[in-house]
Amino acid sequence: MLGIPVRRDAATAAFLDGTARDQFLLVRDTQTGTLLAPQFDTTIDPDRYEHVPAAGTGTVVSWSVVHRRQADGTTSRHPVGIVELDEGPWWWTALDGVDPDADLLGLRVQVAFAEAGDETIPYFTAIERTAL
């Protein structure tokens, strides 16, 4: 998985508190009921928005492979993608344990969590392949 630096701030604190509990949180608009992506900034109106747990499953709608040169001169390949969560919002993520040579479009995935310094971050792993 990619080593991603994570910095907590007011806009990410509730989401990162959730990931520390192994919960993937979405943002719900309490006025409309609309579910929004986790990166939506709830600090703009904290009385209107709340964090709610997501199912943690979704479908890969786009993907690519990041190539990284290692210290020993070899290259590692890491699939990354955009997951449409079952609740609707999209999430950009690392895709762990999948073949970087495979066609990942339509792959069903589920959230998992990993330590990244002082924080816990989400990433997704394969469940099964479905046709789109």
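A simple spin-label model places the labels of VAL52 and ASP118 3.2 nm from each other, with each point 7 Å out along Cα-to-Cβ. Residues in segment 85-94 carry Karplus couplings, in order, of 5, 4, 7, x, x, 9, 9, 8, 7, 7 Hz; the curve used is 6.51 cos²θ - 1.76 cosθ + 1.60 with θ = phi - 60°, and Gly or Pro positions show x.
Taking a ≥ b ≥ c as the square roots of the eigenvalues of the Cα gyration tensor of the chain, is the shape rounded (a/c under 1.5), prolate (a/b larger than b/c) or oblate? Since a/c reaches 1.5 but b/c is at least a/b, the shape of the chain is classed as oblate.
For the chain, the relative contact order works out to 23 percent when only alpha carbon pairs closer than 8 Å and six or more residues apart are counted. Remark on LEU36: its backbone amide H falls under 5 Å from those of VAL27, ARG28, ASP29, a criterion applied only to residues 5 or more positions apart or on other chains, H modelled at 1.01 Å from N. Each label was represented as a point 7 Å from its Cα along the Cα-to-Cβ direction; for ASP29 and THR43 these points are 2.2 nm apart. Within the accessible surface of the chain, defined with a 1.4 Å probe on protein heavy atoms only, the carbon and sulfur portion equals 49 percent.
Counting only protein heavy atoms and a 1.4 Å probe, segment 22-132 has 55 square angstrom of accessible area per residue.
The values are calculated or read from the model by the stated rules, or taken from the named source; none is laboratory data. In this text the structure is predicted, and so the values were computed from the model without any measurement. Note that each Cβ is placed from the backbone with ideal geometry, even for glycine, and that neighbours are counted across all protein chains shown. Side chains are part of the model used for accessible areas, which takes the heavy atoms of the whole protein and leaves out ligands, DNA and RNA. Shrake-Rupley method; radii C 1.70, N 1.55, O 1.52, S 1.80 Å.
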